[in-house]
1. Could you compute the net charge surrounding residue 224? Neighbours are other residues with a C-beta less than 15 Å from the C-beta of residue 224; K and R count +1, D and E count -1.
2. Using the structure shown, select from 135/220; 149/220; 32/135; 32/86; 59/222 the pairs with a Cα to Cα distance greater than 31 angstrom.
3. Count the net charge of all other residues whose Cβ sits under 10 Å from the Cβ of residue 151, scoring Lys and Arg as +1 and Asp and Glu as -1.
4. Would you mind counting up the charge near residue 134? Only other residues with Cβ under 9 Å from its Cβ, with Lys and Arg at +1 and Asp and Glu at -1.
5. Whole-Å semi-axes of the range 61-126's equivalent ellipsoid, largest first, each the root of 5 times a Cα gyration tensor eigenvalue?
6. Just to be sure I understand, if you calculate mean projected area of the Cα convex hull in nm² for this structure, which of (i) 18.5; (ii) 15.8; (iii) 12.2 do you get?
7. Taking the range 96-182 on its own, what percent of its Cα-Cα pair distances exceed 23 Å?
8. Please give the charge dipole size of the range 154-232, origin at the Cα centre, charges +1 on K and R Cβ atoms and -1 on D and E Cβ atoms. Round to the nearest 20 debye.
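The numbers here are math on the coordinates, done by the rules we state, and not lab data. None of the values given here were measured: they were computed from a predicted structure. Heads up, the Cβs are rebuilt from the backbone with ideal geometry, glycines too, and the neighbour counts pull from every protein chain shown.
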Amino acid sequence: METHLQSEEMRADTALSQNLLGMMLPAHIMEKIELGVVPEPESFGCVSLFFTDIFEFKKLVASVSPVQILKLLNVLYTRFDAVIAKYSQLYKVESVADTYMVAAGLSSQEKSKEDITECTIQALNCCIELQGLVKSMDFTEIVGDHNVKLRIGLHSGTINAGLIGTKMSRYCLFGDTVNTASRMCTTGDAARIQVSPQTILVLGEDDQFEFEIRGEIEVKGKGMMRTYWLIH
């Protein structure tokens, strides 16, 4: 009887561990781990990547207690996680302080041009939904009369990725695409979504989105770059 209970507990612990890993790692990496295969670093020809952050977060931190900031981030990112889960091609890479990072198109399968476009469409729709969510939320009980506004920046391009470490392993993304997507966020404006021309190019003939030319801006490490605002 005791052995049977121990077996049940072990199965429950294994299931819990797999569920936790499944929240932290892409599906194709989880499949390899479950098969006992060590995931190798990999390259992706085109991934759409977006970052979000809270506009003027440093000013907010200076005005609100650390406990309230933690409450804000927990409320916000719990809602974000629920939104991301609705999009089959999106993977939450990480959230650090007020920065939230999401990738579209990370899988081991070869993707056609149409597949890549679909991943980018999901990323753009998600960005629109996240902005709408934050605009609709009331944060006064947490931060008083301070405004909480989101910035989002999106870029598409080649990504290198791999599982790093054996304890508290992380699936890390590297490359110029990561840096440029981050710059699209940090050079953006409050409550707006800034998009690179590469992302619009990936959409091809799909015309379900409306963009407005922002113009040429200075982007660190890239020089002058024409960018766009996603309207809807």
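1. With Lys, Arg at +1 and Asp, Glu at -1, the net is +3.
2. Working: 135/220 29 Å; 149/220 23 Å; 32/135 40 Å; 32/86 24 Å; 59/222 28 Å.
Over 31 Å Cα-Cα: 32/135.
3. Once positives and negatives cancel, what remains is -2.
4. Numbers: positive: 79, 135, 149; negative: none.
Combined, the nearby Lys, Arg, Asp and Glu give +3.
5. Working: eigenvalues 194, 21, 16 Å².
Result for the range 61-126: semi-axes of 31, 10, 9 Å.
6. (ii)
7. Taking all Cα-Cα pairs of the range 96-182, the fraction more than 23 Å apart is 39 percent.
8. On the way: 8 positive and 9 negative charges, 123 e Å.
With only Lys, Arg, Asp and Glu charged at Cβ, the dipole is about 580 debye.
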